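Please read the structure below before turning to the comments.
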Amino acid sequence: MPNLRKDNHYVPKVYLKQWAKSGKISTYRLLVPSDNVPHWKAHSLKGIAYHQHLYTYLAGREETDEFERWLDTEFENPAEEAIRRIVKEEQMSSDHWERLVRFAVALDVRTPASLRRFLREQHENLATTMTETLMKSVQKLEEAVRRSEQIPISQEKNDDRSMFKVIIEKSAEGAGHIRTETIVGRRLWIWQMKHILKNTIQEIPLKKWTILQAPHGMAWPTSDNPLIRLKYYDEDNYDFEGGWALKNGEVLLPLSPKHLLYRNHGGVVRVRGTTVDMRTAEIISRIIIEHADRYVFSREEIDIHKIRSRVVCPVTWRKEQEAWKLWHEDQTRAERDFQVG
């Protein structure tokens, strides 16, 4: 495919530029191969928070970057004006808020941290889910036949159906076996992200969002895993398993060193522009850093190590680098074999 977008930024440049100076963003790496690696390094916005062919996949026999372009068209570009208005503290319309929330949801699902969580969950649960779904489907078909009803025809798009194979093996006695197959990898991840960003996103509340401001002398950092779904009890007791509509679940997304998108489902709605107290700001900053995956970004170099020490391990670092180098080749081979098989 000509002009294929190979460098897929999982944290968009339109977002990270709020922390940049002269096109460079100060970056703290949380996994390094040696103690000699500087704690902070300035990167260009083009040169950070991306992997080659993260979202590329096979459509038929050709590689396509349609998902990368779709994210750009449907989520990044529409949110740019909303982010600008937040940073400039200008009036926001309901349409601006909706675009901002859609952008936040996309950030939640498109990162390598989200990919690893997805793969772990699928390896744990997918086989059981597919078997249960298949048994229910067969039961519905058998009931329709008994009632002499017309067999329903799937309305799913070919793209959805291509993610799963249904294989029927007949025996000589007339009986048979039926099974389903898929591959747990990039293609299934993209399929799931599309489902969330086209369907599940419709259920996410669009009201009661606000903007919290950092107090004087403090600035919000951000990370390569910037959207935080927080389940918070007190400053020593919280986790990142909150939901978008979980009662008292909180959603946080830094939008600039000064501005933080915030929603507390079922909690008190704070006036937009509320400046939080210093202690609350320190807790939020700590949470942002703890939620980071591999990078923390900041307008100024701060003492990240006091909150979260980086991991110095050449073996782990090298394995991860090699895995990303082989990512596209391995995933493409698996997708091609699944089509042929």
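The values are calculated or read from the model by the stated rules, or taken from the named source; none is laboratory data. Since this is a predicted model, take the numbers as computed values, not measurements. Using ideal geometry, Cβ is built from the backbone for each residue, glycine included, and neighbour counts are taken over all protein chains shown.
Consider Glu63 carefully, then state whether it is assigned to a loop (DSSP other than H, G, I, E, B), assigned by TED's automatic domain parsing to the domain that holds Glu320 and over 21 Å from Arg294 (Cβ atoms).
On the way: assigned to a loop (DSSP other than H, G, I, E, B): no; assigned by TED's automatic domain parsing to the domain that holds Glu320: yes; over 21 Å from Arg294 (Cβ atoms): yes.
Spelling it out, it is not the case that Glu63 is assigned to a loop (DSSP other than H, G, I, E, B), assigned by TED's automatic domain parsing to the domain that holds Glu320 and over 21 Å from Arg294 (Cβ atoms).
For segment 64-91, a residue qualifies if it is surrounded by 17 or more Cβ atoms within 10 Å (Cβ to Cβ) and under 12 Å from Leu255 (Cβ atoms), and the qualifying residues are Ala79, Ala82, Ile83, Ile86. Screening Val11 against (1) assigned to a loop (DSSP other than H, G, I, E, B); (2) more than 14 Å from Phe297 (Cβ to Cβ) leaves a single unmet condition, (2).
If I filter segment 278-298 for residues that are under 16 Å from His216 (Cβ atoms), touching a residue at least 12 places away in the same chain (Cβ under 8 Å) and assigned to a loop (DSSP other than H, G, I, E, B), do I get at least one hit? Quick ask: steps written out before the conclusion?
First, pick out the residues of segment 278-298 that are under 16 Å from His216 (Cβ atoms): 278-282, 284-285.
Those still in the list that are touching a residue at least 12 places away in the same chain (Cβ under 8 Å) too: 278, 281-282, 284-285.
The next check asks that each one be assigned to a loop (DSSP other than H, G, I, E, B); those that pass are none.
There is no residue in segment 278-298 that is under 16 Å from His216 (Cβ atoms), touching a residue at least 12 places away in the same chain (Cβ under 8 Å) and assigned to a loop (DSSP other than H, G, I, E, B).
Of all residues in segment 179-193, those satisfying the criterion of being at pLDDT below 90 and in contact with a helix residue (DSSP H, G or I) (Cβ under 7 Å, 6 or more places away or on another chain) are Thr180, Thr182, Ile183, Val184. Ala20 fulfils the conditions (1) touching a strand residue (DSSP E or B) at 6+ places or on another chain (Cβ under 8 Å); (2) more than 26 Å from Arg186 (Cβ to Cβ) except for a single criterion, (1).
Scanning segment 306-340 for residues that are more than 18 Å from Arg186 (Cα to Cα) and either outside the structural domain of Tyr55 (by TED's automatic domain parsing) or not charged (D, E, K, R) (or both) gives Ile307, Ser309, Val311, Val312, Cys313, Pro314, Val315, Thr316, Trp317.
Out of Ile204, Ile228, Ile284, one residue alone is within 23 Å of Leu45 (Cα to Cα) and either at pLDDT 95 or above or among the hydrophobic types (A, V, I, L, M, F, W, C) (or both). It is Ile228. If only residues of segment 255-275 that are outside any loop (DSSP other than H, G, I, E, B) and of a type in the set (S, T, N, Q) are counted, the one that is surrounded by the most Cβ atoms within 10 Å (Cβ to Cβ) is Asn264.
Please determine, by comparing only the residues of segment 180-230 that are in a strand (DSSP E or B) and under 18 Å from the mean Cα position of the chain (by Cα), which one is surrounded by the fewest Cβ atoms within 10 Å (Cβ to Cβ). Across segment 180-230, the extreme among qualifying residues is Arg229. Of everything listed in (1) at pLDDT 95 or above; (2) surrounded by fewer than 18 Cβ atoms within 10 Å (Cβ to Cβ); (3) under 30 Å from Leu252 (Cβ atoms), the single unmet condition for Leu326 is (3).
A single entry from Pro38, Pro33 fulfils the requirement of being surrounded by fewer than 13 Cβ atoms within 10 Å (Cβ to Cβ), in the same structural domain as Cys313 (by TED's automatic domain parsing) and more than 18 Å from the chain's Cα centre (by Cα): Pro38.
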